[in-house]
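Take a look at the structure below.
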Amino acid sequence: MITSVVPGDPPRPAQVPGPSAAAPAERELPAEQPASGAPDALWWRDAVIYQVYVRSFQDSNGDGIGDLPGVRARLPYLKRLGVDGVWLNPFYPSPQHDHGYDVADYKGVDPMFGTLEDFDLLVEDCRKLGLRLVLDTVPNHCSTEHPWFQDALLAAPGSTERARFHFADGRGTDGELPPNNWRAMFGGPAWSRITEPDGTAGQWYLHMFTPEQPDLNWRNPEVPAEFEKVLRFWLDRGVDGFRIDVAAGLFKHPELPDSPDPEADERTRDSVNPLAWNQPEVHDIWRAWRAICEEYTQLDGRQRLLVGEASVPTPAEQAKYVRADELHQAFFFHLLHAPWDSEHFHQVIDAAVRDITATGSTVTWVLNNHDQVRTTTRFGSPERARAAALLMLALPGAAYLYQGEELGLPEVDDLPDDVITDPIFFRTGSRKGIRDGCRVPLPWSGTEAPFGFSPDDSAPSWLPQPPSFADHTAERALTDHTSPYHLYREALHLRRLLPQLGEGTLRWLETPPNVLAFTRGDGLLVATNFGTTPAPAPVTGTPLLSSAPCPPGTLPPATTAWWIQPRM
């Protein structure tokens, strides 16, 4: 159960909005106070943003694919949950070779997701509900169907059209070998050879992901100029910021030499090629984008956010991306990759707080996203997932929540081969690392598929939902006050009520083995038991909030609890 001293009013009828039927009653929380941390202009510093994977969130038209009208229908659910904003995965026109991360038009909406009018209505609804709206942008690569790449295929070697990408002659007697030894993140070589307009075998082009995602050449001034137009297009439509895909990418070594990485041939995802990632010139781009955001802020006082997917080896290296004139935030992935181990959690939290806050930014915590195994499965139990979530939400800084985590969804790891869509599967021939299992459409209501994801008599959902999702519907979670939904909701509410849960300070406490404990600000104490046996609670009394029942003086295994300590 959830132990909380937050008072509640009698339940009243409530509805999960959207195509599904009436939803059950939900306990009311006391009226929220304004966030006591940063002023509105700095809303992002301790915000909680909910990631919406659009194609799996809510289908409004019955084609089995989530869409923008579906997102609009569910916004009240997100407001009720208590998040500060929404991050939308790509919905732009795309052939969907990598589910929208192969963009054919950066200034439009793919018809499968709706229209620009639908998007404008979504912006309007977010504004009415007080929710920030953050868009995914994909500057490292585009689609082979993007007009620029189509022009490059028709142009000659050395042309201005090919200069927007990384085209190069091959090695070998007849150019039959790739220009270098680089490997793609999704498996195989990072180069593909084209057929020239005259029908002969021609040059090679670079793609650090799939062949359908050619990398753009950011050393060509046309590329940054075009993306400035893209940013302004969406900023003019009212968005509050951008999540930047592959923020440590963009620039490659200008001579494209072989990678010195001795394991390059074995790597697929998360490759560490120092010639293709984290080049120093990338910081100039983030300074330019930050200046554009500041320009809009000066017009109306609303600060626009830049949050980067900056996968770099250390917190100290990540800190360079969030200097005062660059990105506002960068996802801190070291916690996401941490095993269920107190010492490991301590080390990564300590390093993040030390290195990233030293820049003047705040840490941006994540436990899950659309590329990772769901937390319940990754940590091995629902109890650990709940404890990890409550621990993360007590840390200083901002947090991003992946859709469905508040429902306790497990990874769907038994999808048949014939329904898998992840390009990693097709590039490597292996199920290792595929991401479809965390992208299965959400269950909203009912006892069988599509669980309220689509209207009645709809096409099957784009990935099949397992029967076990009946135990994880939003409808069921709202009536069960022991559900992870209510744990998240009450934690998010307390983040608004308690000044200690803003940016603030974190001070570690001495603990027994397998236990982490720290204080936040004045009087809030947080502890997590990573062990398999009960541990002594660090304080007496009833927790303010806990991820599992806490008998007096005891912290059960796989449990996080928050206490308010009386002032001396």
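The values are calculated or read from the model by the stated rules, or taken from the named source; none is laboratory data. This structure is a prediction, so every number in the text was calculated from the model and none was measured. As a convention, Cβ positions derive from the backbone with ideal geometry for all residues, glycine included, and neighbour counts pool all protein chains shown.
Is it the case that segment 24-41 has a residue that's assigned to a helix (DSSP H, G or I) and modelled with pLDDT under 95?
Restricting attention to segment 24-41, the residues satisfying the condition of being assigned to a helix (DSSP H, G or I) are 40-41.
With modelled with pLDDT under 95 added as a condition, the list becomes 40-41.
Yes, segment 24-41 contains a residue that is assigned to a helix (DSSP H, G or I) and modelled with pLDDT under 95.
Under 6 Å by Cβ, and 6 or more places apart or on different chains, what pairs join a residue from segment 441-452 that is more than 16 Å from A73 (Cα to Cα) with one that is among the aliphatic types (A, V, I, L, M)? Going by the 6 Å Cβ cut-off, the qualifying pairs are T447/A470.
When S468 is evaluated against the numbered criteria (1) surrounded by 15 or more Cβ atoms within 10 Å (Cβ to Cβ); (2) closer than 30 Å to K79 by Cβ; (3) without any contact (Cβ under 8 Å) to a residue 60 or more places away in the chain, which criterion, by number, is the only one it fails? Evaluating S468 over (1) surrounded by 15 or more Cβ atoms within 10 Å (Cβ to Cβ); (2) closer than 30 Å to K79 by Cβ; (3) without any contact (Cβ under 8 Å) to a residue 60 or more places away in the chain leaves (1) as the failure.
Scanning for something within 18 Å of V246 (Cα to Cα) and within 19 Å of the chain's Cα centre (by Cα), does segment 337-350 turn up at least one residue?
Yes.
So, of the residues in segment 525-543 that are touching a residue at least 60 places away in the same chain (Cβ under 8 Å) and either among the β-branched types (V, I, T) or in contact with a helix residue (DSSP H, G or I) (Cβ under 7 Å, 6 or more places away or on another chain) (or both), which turns out to be farthest from L487 (Cα to Cα)? The qualifying residue farthest from L487 (Cα to Cα) is F530. Considering segment 404-442 alone, what residues qualify as being buried (at least 17 other Cβ atoms within 10 Å of the Cβ) and of a type in the set (F, W, Y)? Result: F425, single match. Counting just the residues of segment 192-208 that are hydroxyl-bearing (S, T, Y) and under 24 Å from G249 (Cα atoms), which one comes out surrounded by the fewest Cβ atoms within 10 Å (Cβ to Cβ)? For segment 192-208, the residue satisfying everything is S192. Tell me whether segment 290-307 contains one or more residues that are over 22 Å from E503 (Cα atoms), assigned by TED's automatic domain parsing to the domain that holds P410 and not in a helix (DSSP H, G or I). No: zero hits.
When you check E145 against the structure, is it at pLDDT 95 or above and in contact with a helix residue (DSSP H, G or I) (Cβ under 9 Å, 6 or more places away or on another chain), yes or no? No, not satisfied. Looking across segment 346-381, the residues that are more than 25 Å from Y101 (Cβ to Cβ) and of a type in the set (D, E) come down to D350, D355.
Put simply, of P189, P157, P221, P211 the only residue that is surrounded by 15 or more Cβ atoms within 10 Å (Cβ to Cβ) and at pLDDT 95 or above is P211.
Working carefully through the options D136, D110, find the one that is under 27 Å from V223 (Cα atoms), in contact with a strand residue (DSSP E or B) (Cβ under 6 Å, 6 or more places away or on another chain) and of a type in the set (D, E, K, R). That would be D136, the only listed residue that is under 27 Å from V223 (Cα atoms), in contact with a strand residue (DSSP E or B) (Cβ under 6 Å, 6 or more places away or on another chain) and of a type in the set (D, E, K, R). Applying a threshold of 6 Å to beta carbon distances and a minimum spacing of six or more residues, or different chains, the list of pairs starting in segment 102-125 at a residue that is assigned by TED's automatic domain parsing to the domain that holds G64 and surrounded by fewer than 16 Cβ atoms within 10 Å (Cβ to Cβ) and ending at one that is outside any loop (DSSP other than H, G, I, E, B) and of a type in the set (F, W, Y) reads K107/F233. Residues in segment 154-191 that are among the hydrophobic types (A, V, I, L, M, F, W, C) and in a loop (DSSP other than H, G, I, E, B) were compared, and the one that is farthest from the chain's Cα centre (by Cα) is A156. When T554, T532 are checked against the criterion of being of a type outside the set (A, V, I, L, M) and either buried (at least 19 other Cβ atoms within 10 Å of the Cβ) or within 15 Å of E383 (Cα to Cα) (or both), T532 stands alone in meeting it. Report whether or not R243 is modelled with pLDDT under 95 and surrounded by 18 or more Cβ atoms within 10 Å (Cβ to Cβ). So R243 fails the test.
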